[in-house]
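We did not get these values from a lab; they are worked out from the coordinates using the rules stated. Because the structure is a prediction, the values reported are computed rather than measured.
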């Protein structure tokens, strides 16, 4: 059984989706649609698929079973709902959307029309992430006490100037947190469990002509009682590897990009030897620390393979829409806390009404 894919939006991330689809067993890229006809045609020529003149035409094509949405973050809702109504399964690049209301409308539409919905979080599919998750599930850390996510990246002013949607609340949905750090924030809550409260500060320190933060810090309390820290920035030259740390009273581990760099447990296990050996062969370079094009597509490919396999076997997805919503909610709570100067409890009751967003759709 093979599934035909269509890509909506033909910017930078669409190329990663196309490469990932090419690596998936039982998947074929059939077509693409972009608002700029010339860009869509160029993308189609490069990827060997058909460029459609309208989204309606692509969604009507009988050989397209799944669409992946690569539009700007705040423009995921409309094509996702349209695809669901057309009976197509939906994969949405992170974030699922930029407000909880918009996330929920996508989730509801896919539920109502009986189609599958996935949110792209490729970091969960890395071997290192799964090794950490297995250790948490096996309670090797003992009582979890501290969980930290650091994304100290650098983006030039030219990066923000390259697209009118970048650095806007309306379409980017935020800055270093919503666009760059969301992957590590998702990993943090996946490993540590739900967040109960955040207290944060954000700032715009190193860029011009953008409305969002390029620097953010947040203190967290998880529902299990553990504490944590999130640091996210695009303002630190030259940009460092993203880092995640998990600590408990019986063990600690740390990961940089895709490599485990610390693995220390009070009770040793035989497979720890292989992990320590792999640590000596650490291979991560800069990742997306300074260049958003420098990421690999293998995580996307693994998630797309999970999607296809789930369709074939009629089993749950590893990361569905409700899972994708969780990181968005944490980030919105951080924004609310930064604006109010007060701690904010989760779960949020609806979308926070932020002064900087008033006048647009919440």
Would you mind listing how long the stretch 1-142 runs along its three principal axes, going by Cα atoms, in whole Å with the largest first?
56, 32, 30
Just to confirm the number: angle between the C-alpha axis of helix 298-313 and the first principal axis of the chain, 0 to 90 degrees, nearest 10?
70
Calculate, in whole percent, how much of the Cα-Cα pair population of the stretch 28-112 lies beyond 19 Å.
36
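Inverting the mean 1/r over all pairs of different Cα atoms, compute the Kirkwood radius of the stretch 68-227 and quote it in Å. Working shown, then result.
Values: mean 1/r = 0.0574 Å⁻¹.
17.4 Å is the Kirkwood radius here.
When the convex hull of the Cα atoms of the stretch 227-293 is projected onto a plane and the area is averaged over all directions, what value comes out in nm²?
5.7
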Angle in degrees between helix 321-340 and the longest Cα principal axis of the chain, rounded to the nearest 10:
60
Taking only Cα atoms and a 10 Å spring cutoff, compute GNM fluctuations for the chain and point out the largest among 147, 48, 228.
48
The computed P(r) of the stretch 211-362 puts the percent of Cα pairs beyond 19 Å at 71
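Looking at the stretch 43-82, I'd like the Rg to Rh ratio, where Rg is from alpha-carbon atoms and Rh is Kirkwood's inverse mean 1/r. All intermediate terms of the calculation are to be shown ahead of the outcome.
Numbers: Rg = 11.0 Å, Rh = 11.4 Å.
The Rg/Rh ratio comes out at 0.97.
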Roughly what % antiparallel, to the nearest 5, for the DSSP beta bridges in the chain?
60
Top of 181, 211, 274 by mean-square fluctuation, Gaussian network on the chain, Cα under 10 Å
274
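Using a/c under 1.5 as the rounded threshold, could you call the stretch 170-287 rounded, prolate or oblate? The axes a ≥ b ≥ c are square roots of the C-alpha gyration tensor eigenvalues, and prolate needs a/b larger than b/c, oblate otherwise.
Details: a/c = 2.96, a/b = 1.55, b/c = 1.90.
In terms of gyration-tensor shape, oblate.
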Please report the projected area of the stretch 136-223's Cα convex hull averaged over all directions, in nm².
6.5
Most mobile listed residue (26, 167, 324) in the chain, GNM with C-alpha springs under 10 Å:
26
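State the Kirkwood hydrodynamic radius of the chain in Å, one decimal place, computed from all pairs of distinct Cα atoms.
Values: mean 1/r = 0.0477 Å⁻¹.
Kirkwood hydrodynamic radius for the chain: 21.0 Å.
Under 20 °C and 1.002 mPa s, how fast does the stretch 300-352 diffuse according to Stokes-Einstein, given a Kirkwood radius computed over C-alpha pairs? Answer in µm²/s, whole number.
Estimated via Stokes-Einstein, D reaches 163 µm²/s.
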Relative to the longest principal axis of the C-alpha atoms of the chain, give the angle of the C-alpha long axis of helix 127-137, reported between 0 and 90° and rounded to the nearest 10°.
60
